[in-house]
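Visitor: Attaching a single structure in structure tokens format; questions to follow.
The values are calculated or read from the model by the stated rules, or taken from the named source; none is laboratory data. No experiment lies behind these values; they were computed from the predicted model shown. Because the Cβ atoms are built from the backbone with ideal geometry, glycine has one as well, and the counts that use them run over all protein chains shown.
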């Protein structure tokens, strides 16, 4: 083997750290290195086939697309070769010498914490090649790019701090060959039975032939093209694990065969778990697109929308051209119909699951519901999307309960044409909110939105089945008041005389003069029961939570002033009324007005400076304690 002088390169710090973990800490999942190398070889062959379909001129066109595995038991050497797209000098540095993913640090953290899950997470993080050093004492990778002008190269490493890279003078054929000198304790991977068993378990569904010596070992056909009656649950599970690198079986399997008006087959899966906790792979969704069993596009985002991106699988069409590109796909009428039909099939499946097996659907919702909510902009499937939404509700027994929009509608009061919702951080906070008191008194159900995206979802939808979605701080009070009370008034507030009511209006005007331009109006509340006061949005204004969002995201956003309501049934307001009747200029009225106003701001999360509030509260509590001690002394 003739080669030019080798250049030495140092691995980056995170790569060295990863290599150290793989070489010295993982033993139970070592066989996955072969799965990852075969998967990489398959990807290289797919890329070459794609270039072929584009009529690209490339080297060694006569080579069959295949993977070959050889071994030497005596020398403890394993060799894996493919006739795929190959790599240039620069591509080897980029693809082999560096971990390209920005999330490599997170991968290393998870690998350290979950060594027993290495089989699952190594494939997900795109660092599968490095698993070779779980078994390798030394690795020599030779590759020649499909581009005719590129020279073959050799990459060598012992998995330490550096690697060597040089050009080869020999006449290497297109593709990549990896020669592995196995460690002493990994010699079993240079035996036929071991290699074959690993391929059967992990790589049996690779679409290219895999030869072990001269024998083809992956004999399973394209599963999605087989009749459903002939496929066992184990075969479905094995294919899903091969496709997704998931260690668990799928939660659900959808095997679709459509003959008219378009013809396609699809094998789709819904994973049990959402493992993208940190959102690193939010855009890593899509279905593998095949045309007559030939892979055309890996993870096609045009086949399925982001909100259904948790669905994994393959789609195979008879009606698309083999040389189709991504650009022409987007304009292809057949492709658009396939995509639309797949979305309908998935939504219909979920609706049936929610109807027939609600508990199983809730398991799917709890794992994937947050991603599903991104479908609020799919107006074509608006009704089906809305039908599948689930939220906590005032009818739920606790924060873990969920209700559907249809369940809410089935419980509405006669002549109620609104679906009411409230947004907050916890269920307890929403139940104790002043805005909720009138709904509790009238026995009207309220959806509790506990996820920041929820309000965008319902606001964007606007309505469903002739019912409008209305936030509780934007209600038309007249539509609520018309319903009878179902909960008795337990405030035991004294009836106010006509004279008291006049003074109450004057007290409201006094409080408005105290608060000034901080509020648009002070009025007597008809919605409050147990709270002394609250802030209310003017008609046709944005909700409080949306105002807070705009305040955070837009530097110059001016939050609109609100209406301040006081509760004539609350003991504090009644006491203020008595003080006002005796001395309308009493400073206690001013202090109480500011305290109630700022407490209301604090409750809705809009108080910018709490220092005055807390100082005033401390002063008033101190005075109250003095009065309490005097009263106790008078009793003795």
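Visitor: Yes or no: residue 514 out of contact with any strand residue (DSSP E or B) (no Cβ under 8 Å at 6 or more places or on another chain), modelled with pLDDT of 75 or more and either assigned to a loop (DSSP other than H, G, I, E, B) or more than 29 Å from residue 586 (Cα to Cα) (or both)? Don't jump to the end; show me each part of the working.
Guide: Working: out of contact with any strand residue (DSSP E or B) (no Cβ under 8 Å at 6 or more places or on another chain): yes; modelled with pLDDT of 75 or more: yes; either assigned to a loop (DSSP other than H, G, I, E, B) or more than 29 Å from residue 586 (Cα to Cα) (or both): no.
Judged against the criteria, residue 514 is not a match.
Visitor: Right, here's the next one. Limited to the range 223-244, what total is found for residues that are in a loop (DSSP other than H, G, I, E, B) and under 24 Å from the mean Cα position of the chain (by Cα)?
Guide: Here is the first cut: in the range 223-244, the ones in a loop (DSSP other than H, G, I, E, B) are 226-227, 231-232.
Next, from what is left, pick out any that are under 24 Å from the mean Cα position of the chain (by Cα): none.
Residues in the range 223-244 being in a loop (DSSP other than H, G, I, E, B) and under 24 Å from the mean Cα position of the chain (by Cα): 0 in total.
Visitor: Among strands (runs of 3 or more DSSP E) lying entirely in the range 1-102, which contain 1 or more residues that are within 21 Å of residue 201 (Cα to Cα) and at pLDDT 85 or above? First the steps, then the outcome.
Guide: Working: elements: 7-10, 67-72, 77-82.
Per the criteria, 67-72, 77-82.
Visitor: With 308, 303 as the choices, which residue is modelled with pLDDT of 95 or more, over 16 Å from residue 225 (Cα atoms) and touching a helix residue (DSSP H, G or I) at 6+ places or on another chain (Cβ under 7 Å)? Give the derivation first.
Guide: Values: 303 fails: modelled with pLDDT of 95 or more.
Sole residue among the options that is modelled with pLDDT of 95 or more, over 16 Å from residue 225 (Cα atoms) and touching a helix residue (DSSP H, G or I) at 6+ places or on another chain (Cβ under 7 Å): 308.
Visitor: Another one. Name the one entry in 247, 257 that is over 28 Å from residue 336 (Cβ atoms), surrounded by fewer than 18 Cβ atoms within 10 Å (Cβ to Cβ) and either in contact (Cβ under 8 Å) with a residue 40 or more places away in the chain or more than 18 Å from the chain's Cα centre (by Cα) (or both). Break it down into steps so the answer makes sense when it comes.
Guide: On the way: 257 fails: over 28 Å from residue 336 (Cβ atoms).
Criteria check complete, one pass: 247.
Visitor: Same structure, new question: Say whether the condition of being within 35 Å of the chain's Cα centre (by Cα) and closer than 24 Å to residue 478 by Cβ is met by at least one residue in the range 516-535.
Guide: yes
Visitor: Of the residues 158, 184, 150, which is surrounded by 19 or more Cβ atoms within 10 Å (Cβ to Cβ), in the same structural domain as residue 35 (by TED's automatic domain parsing) and more than 20 Å from residue 39 (Cβ to Cβ)?
Guide: Values: 158 fails: surrounded by 19 or more Cβ atoms within 10 Å (Cβ to Cβ); 184 fails: surrounded by 19 or more Cβ atoms within 10 Å (Cβ to Cβ).
When all the criteria are applied, what remains is 150.
Visitor: While we're on this one: For the range 363-387, how many residues are more than 19 Å from residue 273 (Cβ to Cβ) and out of contact with any strand residue (DSSP E or B) (no Cβ under 6 Å at 6 or more places or on another chain)? Before the answer, list the steps.
Guide: Within the range 363-387, the first condition is being more than 19 Å from residue 273 (Cβ to Cβ), and the residues that meet it are 375-387.
Right, trim to out of contact with any strand residue (DSSP E or B) (no Cβ under 6 Å at 6 or more places or on another chain) and you get 375-385, 387.
Matching residues across the range 363-387 total 12.
Visitor: Of all residues in the range 147-166, how many are farther than 14 Å from residue 89 by Cβ and in a loop (DSSP other than H, G, I, E, B)?
Guide: Count: 5.
Visitor: So if I check each of 417, 352, 360, which one is closer than 19 Å to residue 273 by Cα and loosely packed, with under 14 Cβ neighbours inside 10 Å? Before the answer, list the steps.
Guide: On the way: 417 fails: closer than 19 Å to residue 273 by Cα; 352 fails: closer than 19 Å to residue 273 by Cα.
Just a single option satisfies the conditions, and that option is 360.
Visitor: If a residue must be under 12 Å from residue 395 (Cα atoms) and buried (at least 16 other Cβ atoms within 10 Å of the Cβ), how many such residues does the range 422-439 contain? Step through it out loud before you land on a result.
Guide: Here is the first cut: in the range 422-439, the ones under 12 Å from residue 395 (Cα atoms) are 427, 431, 439.
Subset that is buried (at least 16 other Cβ atoms within 10 Å of the Cβ): 427, 439.
Here the count works out to 2.
Visitor: Which one of the conditions (1) free of Cβ contacts under 8 Å to residues at least 40 places away in the same chain; (2) in contact with a helix residue (DSSP H, G or I) (Cβ under 7 Å, 6 or more places away or on another chain) does residue 274 fail to meet, given that it meets all the rest?
Guide: Evaluating residue 274 over (1) free of Cβ contacts under 8 Å to residues at least 40 places away in the same chain; (2) in contact with a helix residue (DSSP H, G or I) (Cβ under 7 Å, 6 or more places away or on another chain) leaves (1) as the failure.
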